[in-house]
1. List pairs: first in the range 90-117 and touching a residue at least 40 places away in the same chain (Cβ under 8 Å) and over 14 Å from Thr69 (Cα atoms), second of a type in the set (D, E, K, R) and outside any loop (DSSP other than H, G, I, E, B), Cβ under 9 Å, 6+ apart or cross-chain?
2. Take the range 35-66 and flag every residue that is more than 18 Å from Leu107 (Cβ to Cβ) and of a type in the set (A, V, I, L, M, F, W, C).
3. Read through the list (1) more than 22 Å from Asp45 (Cβ to Cβ); (2) at pLDDT below 95, then give the number of the only condition that Asn96 fails.
4. Tell me the residue from Lys110, Lys79, Lys61 that is closer than 21 Å to Ala43 by Cβ, basic (Lys, Arg) and touching a strand residue (DSSP E or B) at 6+ places or on another chain (Cβ under 7 Å), please.
Amino acid sequence: MSVPGAQRTRLGPASRVMALAYKLFGRIRHRRAFDTPEQHGSASDFAAFAAARQCLLVTFKRSGEPVPTPVNFGLAEGKLYFRTEPHVAKVKRIQNQPLVRVCPCNLRGKPTGPFVQAHARALTPGEDAAARAAVAGNWRADMKLAELGMDRVGVPMLYIELTAAATS
């Protein structure tokens, strides 16, 4: 899968600030975020996500090791969308293994609902309008300021679409 904007470039000051924020959030992540990635998806759709603002995205390293990451998201037409910088590790893991798990969670990554098995796909800039609207529609006022600030200073963003996989 080719990811738009994922080419190797020097990170700008805004992306370096974001990297520090990712480290901070990694340090305050709830311990249950690390206990639950071994669980398989039991839900068949994203219905349990309707009241949540964050979800715990579980991607997989080449070794098969799960990596849980809380992300802000939006829902539209039965699909879950989130945005991220194109050069971060979760995008590389999705490129290598598009089958992911996701569950609603709190800001620190503590799961608050069932996991869903899903297929992840990076959207091109021409097809991300619905994703932009869905994600922006789920921001709290303070988050909206932060996210729009990142847009304003030119932090590159990539939208990822998750489609629920059939459970067996």
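The values are calculated or read from the model by the stated rules, or taken from the named source; none is laboratory data. Computed from a predicted model, the values in this text were never measured in an experiment. Ideal geometry is used to build each Cβ from the backbone, glycine not excepted, and the neighbour counts take in all protein chains shown.
1. Pro98/Arg121; Val116/Arg101; Gln117/Arg101
2. Ala43, Phe46, Ala47, Phe60, listed by residue number.
3. Condition not satisfied by Asn96: (2).
4. One residue alone meets the criteria, Lys79.
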